[in-house]
1. Which residue out of A:71, A:94 is buried (at least 18 other Cβ atoms within 10 Å of the Cβ), outside any loop (DSSP other than H, G, I, E, B) and at pLDDT 95 or above?
2. Going by the conditions given, is residue A:112 crowded, with 19+ Cβ neighbours inside 10 Å, more than 30 Å from residue B:61 (Cβ to Cβ) and within 14 Å of another protein chain (Cβ to nearest Cβ)?
3. Output the number of residues of segment A:234-263 satisfying the condition of being more than 10 Å from chain B (Cβ to nearest Cβ), more than 23 Å from residue B:50 (Cα to Cα) and without any contact (Cβ under 8 Å) to a residue 24 or more places away in the chain.
4. Would you point out which residue out of A:119, A:149 is touching a residue at least 40 places away in the same chain (Cβ under 8 Å) and away from chain B (no Cβ under 14 Å)?
5. Considering only segment B:15-28, state which residues are at pLDDT below 85 and at the interface with another protein chain (Cβ under 7 Å from one of its Cβ atoms).
6. Could you count how many residues in segment A:217-233 are in contact with a helix residue (DSSP H, G or I) (Cβ under 6 Å, 6 or more places away or on another chain) and not in a helix (DSSP H, G or I)?
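The values are calculated or read from the model by the stated rules, or taken from the named source; none is laboratory data. None of these values were measured; they are calculated from a predicted model. Positions of Cβ are generated from backbone atoms using ideal geometry, with glycine treated the same way; all protein chains shown enter the neighbour counts.
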């Protein structure tokens, strides 16, 4: 009788809490700290190699490093946690309870999002030593949305492939493509490329089509913001808009797959 | 294939998915496509060219794959500095920075012809004397490091020096460099006799025709992209001569 009066959000909150606690249990915090310290050392080393603009090089190196490190940490954490849950039959157990699959999915997403938020905050605190607070804030918001996209993409890929290697490869390919697609489009239309060659024209069309369905991650979390303080409100609007839309799209795709899944 | 076998037959029918998920999906996909369509088209910005890092740093960053990094950097450089319809903006491009990047990229992959082709045919076309001079000197200095492999770009800068920079002594210096330094028998004879071509009272188009025609006939250029670039160059010179 008591269950009937539970808020529909209650299962989501509970699953999110359990997911976030998993981060603490699996020693994610020490790992993030070690990676962070390594980044600081790498940036200092890069700074000593430079003849001029040592501070700019340090900011660029640590910004790029933390971005890719954050993406890899969250991607592997999400995939590993979900694979373990599949293998331990934890997912079967949760879904045997009278809660909708969407609650499970959104609970998981919220839990992983809180971990992404924690990683972002930790990274931003260190970056304050390298760049202005406004630019670090913009960089941080952008990184958070980027990690959220990677988290949702990882969940979708794991629901689809059920295996870590295949899911990781798919996430990696989509992520990489999203980062380089704009450059590829620009190169594809350059004057050095032969015109009216079917293969090139076809590739240009494919890339233009992909640009419609992939997030423009090349405009996210730019180290340039940290180095030259070039981040603007327009960049903030873009990352928030693109982030919200793409996480929604990936969530819908993941839910579609999850609802069709036979356990 | 195991992946796809594992997927086969595991799914419930599409009718098991709640309607709101489909609605959610359609709305999200539409928003994504509209959002993308609403964004301005990407453009290359000359002002974005950063300073080139030290070669040591690039070697570390290449993670033991300097050739790959060189290729990727060349594409990156090309992606934002020589785009259709906006090459006029590259009047603002810093030629010293550009030379630094091309030098570093070539240092990562000394066998590559790409930076030299780009310097002699793409960047040297920018109608700015200082850029043309810096690019020409870059090509010449790099040529001297390995004349038997890096001679192809030299003819272009020699013709450029004579006609765009109106500096015949400089053009002859480049041509003499070719005859003095190229020792390989595999290099066509006419490439070593550029001085005679330059001393003839010919226009830029005729000289380019001889040089590019010779390059194409010799089979030295095999890449369709580079052949296209050479043909485009001839077409541009023909248009210029018609005016």
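1. A:71
2. no
3. Going through segment A:234-263 one residue at a time, the tally reaches 1.
4. A:119
5. B:16, the sole residue that qualifies.
6. 5
The rows are residues; the columns are (1) more than 23 Å from residue B:189 (Cβ to Cβ); (2) modelled with pLDDT of 75 or more.
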residue: B:202; (1), (2): no, no
residue: B:206; (1), (2): no, yes
residue: B:213; (1), (2): no, yes
residue: B:220; (1), (2): no, no
residue: B:227; (1), (2): no, yes
residue: B:232; (1), (2): yes, yes
residue: B:240; (1), (2): yes, no
residue: B:243; (1), (2): yes, no
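Quick grid of which residues meet (1) outside any helix (DSSP H, G or I); (2) more than 30 Å from residue A:238 (Cα to Cα); (3) modelled with pLDDT of 80 or more:
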| site | (1), (2), (3) |
| --- | --- |
| B:30 | no, no, yes |
| B:44 | yes, no, no |
| B:74 | no, no, yes |
| B:77 | no, no, yes |
| B:107 | no, yes, yes |
